[in-house]
Amino acid sequence: MSPGDFLHIGLPLTPDHDMSEKNLAYSFLQKLIKLDHRARYIPVKQESLEVTHAKHIPDSDGNDSDENDLDYFLSSSSETSEPAQTHIHPMDVQMAVFHCSDSYLRQIMVTKLSQCQYALPFLVPDPLTMEIECPLWAFRQITKTWKETRGDSHTTTMNIQICNAKTPLVSFFRLGSLSVSKSQLMNSLINDRHSTFFHRHSPGSTKTRHLLDGVAEITWYCPNGKPNDAFNNCIAFCNLHGDAVMIEKQRQMLTEMSSINVVMVNNLQKDDKSWPVISALLRSKKPLICLLVKDDCKVMESKKGKFKMGLKDRNQADVSKELKRIIQELLSSDDPLILKTIFQLETMVENTGIRVDESDDVCQNGKLAAVEIVNLLPKNNILSIKDKFLPCQGHLWHEWSKTNKELHRLTGNIENDKSKKEQEMTRIREKQCAASCSNLMKLFTKSLFTLPLKDKEYFLKWTQILTDDLSTDATYSIIQSYDRKWSEVLALKNRPNKPNNLEKEEKELERLSKQLQSATFGLEHIFREMGQIYEAHNAIYGDTREGEWRRYPELAAGLLISGHPLELMDGDAGHVPLKWISSVLDKVKMQLGDLKVFVLSVLGLQSSGKSTMLNTMFGLQFAVSAGRCTKGAFMQLIKISKEIRQDFNFDYFLVVDTEGLRALELESSTTPNHDNELATFVVGVGNLTLINIFGENPTEMQNVLQIVVQAFMRMKKIRVSPSCVFVHQNVTDVAAAERNMDGRRRLQEKLDQMVQLAAKKEVCDVSCFSEMIEFDIKKDVHYLAQLWEGSPPMAPPNPGYSESIRELRKHILSKASRSNGISLSHLKAHVQDLWEALLDENFVFSFKNTLEMAVYREMEVEYGNWTWHIRKDLLTIENQLFNRIENGDLNKLDLSSISTETSKTCEEIKEEMSKYFENEEKKEILAQWKGRFENKLKEFHDEQVREVQGKLQGVIQRKNTLKKMDSMKKGFEEKLLQKSKDISEKLKDKAKDETELKKEFDSVWENWVLDLTKGLKPIEDINLENDLFNILKNLGIEEKIIKECKDSERYKVIPKIDDYSSYLKNFKMQKTKETTQESYKKEDNLTNKQANPLTELKTFWKNVALNLSNTHKALSSDQRQIRQMIDMVATESISRIKKKPIETNGYQLTYLQEMVHLVKGEVANLESYVFRKEFTVDLILHVFDLVKGLLLESQEKFKNKNDAFIYLESKKMHYYNIFKIYVNGNSSAVVLGEMICEKLRPSIIETAYTKTAMALAGEMKCNVPAFSGNRLDLEKNVLRSLAERENFDEFMKYIQHPRDHVEDFIKAEVHQHISTDYKDKAKIIHQKNVEDIYTVVSQALFTATQKVQTQRGGISMWLSELSVLLKDQLKFDSTGFKNFRDINDFDFLCKEANKKLKLLKEQLVSFSVDEMKNSRQTPEEILISQLCKCCWVKCPFCLAVCTNTLEDHSPDDHSVPFHRSSAVSGMYHANSNIMSIDFCTSRVASNLTFYPYRNSKKPVPCKQYRSAGPEYASWRITPDESKLAYWKWFVCRFKENLEEKYYLKFYDSGEIPENWKTISKAEALKCLEDISK
């Protein structure tokens, strides 16, 4: 058996009353691991008892009945048999488990037996070979503490590994069969209240035993330095079980090693078989005590050191007292005649007569490797070991940690300071790399890499044992000095007047604290060094250099999986090595898969029993020490057994043990903030936190609760929902918890009180503890009995403690079974989020839940897919309804009819959504958004339905408006058809002369047009510039100003300039108040090369800036407000113009008048500013410039549709073809076939390209990275494109007009993909669409023909049926064909129409990008509608655009993962021309201030930016160091462009940091890839 068979979370222990023999071994070990000293006797359920009953004595009525009863009672027992013995001797169970265990399980077993104050197997005969074994390895983890008392009553505390302890050995032997229990007598010597040795009167003892005889057990008496100690010094007691006369080998070995030999014998008789043994002992110089069982003699010393004492008729207490006196006297005697022997367990390896387990090759290989390492270490200078041999984790690591914390709490010139600190951190890492080649680490890692697995396990254990042994003495000595000094300092502090030497004593205390930290040296420090070596090399070399250090995380992961603790937080430096922890967890994930774990953490005061509780509960091996020196947090994995795995949603428990709050060695060097950080981290990382309280001291409770409550409140504010259980340890009367609820009530009141105090500090609206987390005062408070029964070091564990632990464990598992746990990858991200937020002063403000963000981003992608399916479905429905309307089959449309068409798709999406939100892995996180996204999807659907209805209603309205024109066109067509037919009869003889035919047709065509348009006038062209000029003049604007504004072309760049103060009348910037901090300002925009303005424009701005004394620089908020108004006016004007029915009704002058009044009104609405007339005129001209093209294009479409002359000219070639057909003698069927195909041509083209556009948009939405993700993915691709092109003007367009640029990006991407990647696919898609339409029309021709022939109908019926069949697919109006009543051969008609249709198909099958414009919506328009329907709100500081996929994502804040340097948008330092380079992500973590608005009277601290107004309050800007390389590269790459654009300079406080200049474009692009990781 091995530890792995037991050290897992498995089935609960079987109750004693149901215990069967097959479960004895498992139950024994489980109880022993949980420090239940009753493990040595476990009652077994009796299956059946074979009992021979006494012969029944019939009742007698005689007087002699009483006499008969008496005779029966006194009768021989042979007539009545007792139940046969059916249970196993308890020590047989113990020894059977021992024999069946491997060396590691033996070590655990012996260590636990020692903690239970039981004797330990010392010499063990093999049951089969009878070879004697000393399990020395099993003793290696045992450390004993005692206090020695010398003659002067001075006590010395000793803390020694028991293998190294040099003590006297008192051995007890039984010679022959005795009526007195030797083991029981020994117990009275060592601990009269606890059976250290199992004896015949112990519970469960039986007459027979099989594995105990010949076993020598050993234990140590450890004095407590008190008067009632049995002995003054530590003494080893050995008990040889069985008859020592028969067990010769063990007896001889023990008598040689012993300081005193004690034998128990019936009598001293020379003829007795025991006499040779006694005779030999009498001849020995070693002291001998003979205890005579059947003799009543008093204590006698026959010669020096030889005692005998009779036990007959003597009280055991008296015997014990005499024995103690004799032993103490012998051990303290200075008589040279008494041979004194000192026993040391370590020397057993020198005994050749036995087998020592440590002599095994695997153990020796591990030991030799460990000894080689320890031999490097100086034994006389422990304090220098870490500095010399582990240099990476000492001063260098502490300095790096300190600098890293400072990096998150910047002041002054923050970007340059940040740059210097980053460079300093890099230099420290370089020094760590240079110092990381110590011989110790080389040997250690070499052993880990080269040793076989079993040898490696021994190597690690030996290294731990030897290093602990090396530092134990020094550490314990310093702890004692520290305790004394701490008491002295406290006494000085409590004096009314602080003495002068207080400061000196506190410095001495600090010195001792540092010594304690230096003296503490163990295996965990070597692994910490590995972590630092890895972090340093990774920081400097990244992926560019190979080395052994790359394999360190894999080594640590393997050890973590095998059950070794791993340091999570370095308590010495107070820092979490994030890169190391992340890499180790990655390797664990690679080995186990991305399994889920349940994180159980513990929090409590120092030395309150946290580690002991966890070790007892789960059989762990966290370091346990009352004077704990190792600080920080350690984590250990525990596997859930297969038997109960189905009850949990995870595979492992991850237990996190932590340093104590208010640790004494930290008191003088840290602030209470350390405890708050630790508590927040531990509570945040745990799914469940055990709050450990030692006793019920009110002051202690308040200190713990205050810290804990604040930690849980922080979790609530960041939407992390851990749970907790309160554990009161060392409670004397556990039953009182059930009898009296008063204690729980007081705890509840205290918690609520702490919550109310913390709520004020954390600004959180909660009033009681249960509002913060799920907490049941009746179930989630547990009371643990005190650990020891009596006073250590000889006190055994309290069984009540073990029972309490068992109940607590059961409750923890019950709570865990309702949790989903957390995956390893998410745990890694969560640890990083917690720690990075803790580095900042405001945890809640700085916390960024990477896991939640990742899930949200994934959900955005899914949301995009769901909305795409809705949009795609509605586009198909829109096309069908459009054709129905155009065909005259639909004249009214309501929302319900469109919604009904989408019902199937909506149900499918609902089902997909339901499955997505029920995903077990992310269910808990997704739950918070489920309702909101369901509503958003419904809103999207309803909005799209309304949009489709609006479009189609416009089509219906346009069709109704154009009824007169359509009627006129039909009249034209009928007349033209008849005229063509008439004249063709006259010119049949000229059919072969194409030139003559064309000449004749042209001559008659002009006459036809004149005849048909008699009384009609052509629609005149419009003059928009003249209309606008007249409107402006009518508003009272001077002609000179209008002309000057128009000629200067300033209006073309008005939305892109950076300072509008030159447009303002008498603008005065409010005086800046004195402050030690900087404030944000924005410089004048003097030029803009992107817009390519005229030379005089640049001169104009310079003159304004230099000569107008009343013009000052406006604040950035003013610029934004004016620019937002310009953008809004432009957008609104375009929107209004698009809604005007110009295509159907034509242009009206009122449209321009409305636009001008809109602009004028919005300018006037900015009451804080008084603008010059030039601003209004420039803005009107700018807006006019935007809408002019729309007006002209719409008017042109109106003219083409409504001008009879243009319409007739467009039909000329069509009727020339009909004319030729008639001339050639073809029938009406041929003409009708030609006309049908010509009629269908535009509709086929439109439908084919519309379907192609939809299909291409769908393909690109799914497969093009820029379009297939969420809004953030689109933004990343936009930024990548900008960086690759390196065009400053394009950057500026993106910065100032992000949506316009993104739309341009989508268009460019679509065109590029259609021209390259999708070129062939576009052809295939379009060809298929044309083929499908051809098939539909061909089938419709065939179906119409069959129906007419079946029902004997005419041409009208045929045309009508064809129209019905095509109504959903194509636009086809059959009412215009009235001159074909002579057609009666419908097979011929069908054949001719198909022939023409085939020719048409061949003409249209080739794909053309230009022809794509004929579709109702192009691919780019569809994708823009889909991808740009998102949030476009800009960061009030740096103008970065929110990247949320939802347009309205309230109540979630706006956010963006890549904020920009303020130089990007032209920010500058107050009253200077110095460019500001700060990132808002740096500012919000600094002590700087800013003025949010022009009229702001007081600066706002950047940390409190949300208080600056609604514009700021809706943004979440977290300090973030990882995603900013892109904009640093941009500032360096376009430094001169920015200086020229904003007329500012990068110098002084605005100087670009040196490390910015080293960022390459490749690094800038890489940071974009890292955003979603």
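Between Leu1010 and Glu1196, the FRET efficiency estimated from the beta carbon spacing at R0 = 35 angstrom works out to 0.90. Computed over every Cα-Cα pair of the range 508-570 and binned at 10 Å starting from 0, the pair-distance distribution P(r) comes out as 18, 40, 28, 12, 2 percent.
Counting only alpha carbon atoms, the long axis of helix 1319-1351 and the longest principal axis of the chain meet at about 60°. Between the C-alpha center of the range 1371-1435 and that of the range 154-228 there is a gap of 102 Å. Residue pairs exceeding 24 angstrom between C-alpha atoms, taken from Lys270/Lys298; Lys717/Lys750; Lys1138/Lys1413; Lys639/Lys779; Lys1199/Lys1328: Lys639/Lys779; Lys1199/Lys1328. Remark on Phe1490: its backbone amide H falls under 5 Å from those of Val1500, Cys1502, a criterion applied only to residues 5 or more positions apart or on other chains, H modelled at 1.01 Å from N.
In this structure, the amide hydrogen of Phe237, modeled 1.01 Å from its nitrogen in the peptide plane, lies closer than 5 angstrom to those of Val170, Thr219, Trp220, Tyr221, counting only residues at least 5 positions away or on a different chain.
Helix 799-816 and the long axis of the chain differ in direction by around 10°, with both axes built from C-alpha atoms. Dipole of the range 456-567 computed with +1 at Lys/Arg Cβ and -1 at Asp/Glu Cβ about the Cα centre; of Ile526, Leu555, Asn497, farthest Cα towards the positive end is Asn497. Charge dipole (Cα centre; +1 on Lys/Arg Cβ, -1 on Asp/Glu Cβ; no other charges) of the chain amounts to roughly 3320 debye. Here are some pairs, Lys778/Lys923; Lys144/Lys461; Lys294/Lys324; Lys872/Lys1201; Lys31/Lys249; Lys1140/Lys1293; which of them have Cα atoms lying more than 23 Å apart in this structure? Pairs exceeding the cut-off: Lys778/Lys923; Lys872/Lys1201; Lys31/Lys249; Lys1140/Lys1293. Projecting the Cα positions of Ser274, Ile342, Thr1150 onto the charge dipole of the chain (unit charges on Cβ atoms of Lys, Arg, Asp and Glu, taken about the Cα centre) puts Thr1150 furthest along the positive direction.
The aspartates and glutamates within cross-link reach of Lys1211, meaning a Cα-to-Cα straight distance under 15 Å and a gap of 8 or more places when in the same chain, are Asp966, Glu973, Glu974, Asp1002, Glu1006, Asp1203, Glu1234, Glu1238. Partners of Lys493 within straight-line reach, counting lysines whose Cα lies under 25 Å from its Cα and excluding those fewer than 8 residues away in the same chain: Lys485, Lys504, Lys507, Lys514. Helix 1149-1165 and the longest principal axis of the C-alpha atoms of the chain enclose an angle of approximately 40°. Per residue, the solvent-accessible area of the chain (1.4 Å probe, heavy atoms of protein chains only, all protein chains present) comes to 44 Å². Legend: residue pairs Lys892/Lys1396; Lys1014/Lys1212; Lys1251/Lys1401; Lys405/Lys1528; Lys388/Lys431, Cα-Cα distance threshold 24 Å; pairs beyond threshold, Lys892/Lys1396. For the range 793-913, the convex hull spanned by the alpha carbon atoms encloses 217 Å³ per residue.
Inter-part distance, the range 249-265 to the range 349-427, computed on C-alpha centroids, equals 46 Å.
Tell me the carbon and sulfur percent of the accessible area for the chain, rounded to whole percent, probe radius 1.4 Å. Its accessible area is 49 percent carbon and sulfur atoms. Taking only the Cα atoms of the chain, the radius of gyration and Dmax are 47.3, 164 Å. With runs of 4+ DSSP H residues as the only contributors, calculate the mean residue ellipticity of the chain at 222 nm using -39,500 (n - 2.57) per run, divided by the residue total and rounded to the nearest 500. When only DSSP H runs of four or more count, the value is -17000 deg cm²/dmol. Across the range 1125-1133, coupling constants 3J(HN,Hα) worked out from phi with the 6.51/-1.76/1.60 Karplus curve, θ = phi - 60°, read 5, 4, 4, 5, 4, 4, 4, 5, 5 Hz, and Gly and Pro carry x.
Label 7 Å along Cα→Cβ of Lys312; the range 174-210 residues with amide nitrogen under 14 Å? Residues 179-180 qualify, since their backbone N sits under 14 Å from the label point.
Round to the nearest 0.05 the FRET efficiency obtained for Ile540 and Asn649 when R0 = 51 Å and r is the Cβ-Cβ distance.
Efficiency at R0 = 51 Å is approximately 0.80.
Packing around the peptides 219-232, 535-548, 1411-1424, taken as the average count of other Cβ atoms within 10 Å per residue, puts them in this order, highest first: 1411-1424, 219-232, 535-548. Of all aspartates and glutamates in the structure, the ones whose alpha carbon falls short of 12 Å from that of Lys922, not counting any fewer than 8 places away in one chain, are Glu852, Glu858. Charged side chains reduced to their Cβ positions (Lys and Arg at +1, Asp and Glu at -1) give the range 1414-1565 a dipole of some 320 debye around its Cα centre.
Antiparallel beta bridges, as assigned by DSSP with both residues in the chain, represent about 50 percent of the total such bridges. Would you calculate the separation in nanometres between label points at Val1433 and Glu908, each defined as 7 Å from the Cα along the Cα-to-beta-carbon direction? So the label points at Val1433 and Glu908 sit 3.5 nm apart.
The values are calculated or read from the model by the stated rules, or taken from the named source; none is laboratory data. As the structure is a prediction and not an experimental result, all values here were calculated from the model. Methodologically, a virtual Cβ is constructed for each residue, glycine included, from the backbone with ideal geometry; neighbour enumeration extends over all protein chains shown. Just so you know, the surface numbers come from the protein's heavy atoms only, side chains and all, with ligands and any DNA or RNA stripped out. Shrake-Rupley method; radii C 1.70, N 1.55, O 1.52, S 1.80 Å.
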